[in-house]
1. Which pairs turn up if I take residues in the stretch 29-48 that are at positive phi and surrounded by 17 or more Cβ atoms within 10 Å (Cβ to Cβ) and look for partners that are part of a loop (DSSP other than H, G, I, E, B) and modelled with pLDDT of 95 or more with beta carbon separation below 8 Å, at least 6 apart in sequence or on another chain?
2. Between a residue in the stretch 109-126 that is of a type in the set (S, T, N, Q) and any residue that is surrounded by 16 or more Cβ atoms within 10 Å (Cβ to Cβ) and in a helix (DSSP H, G or I), which pairs come within a Cβ distance under 9 Å, given they are 6 or more apart or on different chains?
3. Mind listing just one residue for me: the one in the stretch 110-153 that is among the aliphatic types (A, V, I, L, M) and in a loop (DSSP other than H, G, I, E, B) and, of those, farthest from residue 11 (Cα to Cα)?
4. Does the stretch 154-166 hold any residues that are part of a loop (DSSP other than H, G, I, E, B), in contact (Cβ under 8 Å) with a residue 40 or more places away in the chain and either in contact with a Ser or Thr (Cβ under 8 Å, 6 or more places away or on another chain) or under 19 Å from residue 14 (Cβ atoms) (or both), and which are they?
Amino acid sequence: MTREIQFIVIHCAASQNGKRLGDGQRKTAVKVIDVWHSQRGFKRSPAARDAFNPDLFAIGYHWVIDCDGSLGTGRHINEVGAHVTGRNSNSLGVCLVGTDAFTARQWEALHSLIKSLKQKYPSASVVGHRDLSPDLNGDGKITPNEFTKLCPGFIVDEWLIREMQPLQSHLVGG
């Protein structure tokens, strides 16, 4: 069964900028975040685990991009995520390791992944987690005073307008 994807949501791990979460071998960023999500009470169904990434019990994201640019898979694209309240059924979640500054390799991996996802889901909107905050004053715009999260630490629309090139003010060492 293929889900209808309306949103591709970019997140950050709220971890140290420029510092890998995994060791690149047994302890990957995906596995670290899986533990974090387990501690928060997230769960994947046994059937979903049997079908894809059986060693991951809780991760809510579909992909995680570590500081070296490695792309780890979490949930299968047809598995509902656990990454943005009220929008999980029609979205895919991408998480960048860090908080508000990312390595050149992360920016490259994000660009490549989003480009690929937009080819597969051309009508999906690419947004930051904070862009799906509730419109508290009903004016049709989500403004900083309405953000329930600051994630992913940069303005996704600005990144898209700049043709998905790294944002210098959000580049580790930039």
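The values are calculated or read from the model by the stated rules, or taken from the named source; none is laboratory data. All of these numbers come straight from a predicted model, not from anything done at the bench. For neighbour counting, all protein chains shown are included, and Cβ atoms are generated from backbone atoms with ideal geometry for every residue, glycine included.
1. Once the first residue is at positive phi and surrounded by 17 or more Cβ atoms within 10 Å (Cβ to Cβ) and sits in the stretch 29-48, no partner that is part of a loop (DSSP other than H, G, I, E, B) and modelled with pLDDT of 95 or more comes close enough.
2. Here the result reads 125/131, each pair linking the stretch 109-126 to a residue that is surrounded by 16 or more Cβ atoms within 10 Å (Cβ to Cβ) and in a helix (DSSP H, G or I).
3. Of everything passing the filter in the stretch 110-153, 136 is farthest from residue 11 (Cα to Cα).
4. The answer is 154, and nothing else.
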